[in-house]
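For reference, the structure is listed below as structure tokens.
The values are calculated or read from the model by the stated rules, or taken from the named source; none is laboratory data. Treat the numbers as computed from the prediction; the structure is a model and nothing was measured. No Cβ is skipped: glycine too gets one built from the backbone with ideal geometry, and neighbour counts run over all protein chains shown.
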């Protein structure tokens with residue numbers, strides 16, 4: 001019996017090697033590969049404001065702080081909520097702070113709240129500067145949506161509504177909100193641009209959930225991918241991935257420099273090919289990264305294209 005216990009004690013120590021660097025765990029918990037999804041809509045909002053000479057640097061920077069803090073906050077909130085529910089016990093991806101028991105769950109929650117607080121402070125600064133006090137309700141809704149994605153008794157992320165929420169908050173709200181606080185009114189360019197990057201963000205979540213279909217079924221997490229099955233989920237992913245280019249089609253005629261947003265195809269094409277032939281979760285993680293960079297590339301060049309005024313027209 002003594003001999004059998006010794007390998008048994010050795011096996012739990014295997015993950016302990018990953019616990020040697022707390023800094024790496026916290027960086028991994030921030031899920032840096034998702035940050036382009038926070039940056040892209042803000043860049044398009046900047047471009048929409050600049051296209052009518054309404055770019056205001058302080059407000060633009062504050063909008064970026066809000067978007068980044070919300071994105072990091074929701075990542076830590078998901079780590080905490082999935083971890084305490086036991087959902088991450090079934091996952092095959094990177095180690096999570098809470099699920100791996102490397103960090104006290106309460107600490108992860110407090111850090112998530114800290115980033116939500118930072119987003120709230122930056123948002124309040126925007127409201128004080130602009131005088132648009134009703135934006136406080138929008139900011140509160142964004143924080144509530146971020147927490148209840150996987151938090152609370154009935155998280156909507158467990159009911160197949162994650163992609164819709166991501167499209168709204170990391171697409172339309174982030175882009176149109178960034179433009180609105182600078183322009184002072186709603187702008188059509190930010191609406192279409194927000195829809196495009198919102199689709200990219202939804203595609204990132206969809207491919208992530210496709211990767212986790214088997215594990216989420218075991219955990220009772222009913223994502224859209226789990227509900228419709230892998231075949232249909234992959235179809236939705238391809239639609240989300242390519243639809244932004246349909247939105248882009250007319251823009252180069254109005255804003256010629258937006259043509260360079262087609263460079264996002266350099267990431268979309270390999271993402272499509274890999275997703276269509278993937279056999280392992282690792283390949284789908286690569287698709288996730290490529291889609292995230294496609295969103296950033298689209299945001300950079302679409303936003304810049306709007307900002308470049310063609311006086312010859």
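The criterion of at least 2 residues that are under 28 Å from residue 213 (Cα atoms), touching a helix residue (DSSP H, G or I) at 6+ places or on another chain (Cβ under 9 Å) and modelled with pLDDT of 95 or more is met by the following helices (runs of 4 or more DSSP H) wholly inside region 250-307: 265-277, 281-307.
Among the candidates 172, 135, the residue that is within 19 Å of residue 73 (Cβ to Cβ) and touching a residue at least 24 places away in the same chain (Cβ under 8 Å) is uniquely 135. Please pick out the residue among 127, 144 that is modelled with pLDDT under 95 and either more than 17 Å from residue 37 (Cα to Cα) or in a loop (DSSP other than H, G, I, E, B) (or both). Result: 144 is the single residue among 127, 144 that is modelled with pLDDT under 95 and either more than 17 Å from residue 37 (Cα to Cα) or in a loop (DSSP other than H, G, I, E, B) (or both). In this structure, does residue 237 turn out to be farther than 30 Å from residue 56 by Cβ and at pLDDT 95 or above? Considered against the rule, which asks whether it is farther than 30 Å from residue 56 by Cβ and at pLDDT 95 or above, residue 237 comes out as yes. Counting only helices (runs of 4 or more DSSP H) wholly contained in region 164-245, the ones carrying 3 or more residues that are under 18 Å from residue 283 (Cβ atoms) occupy 188-211, 213-219.
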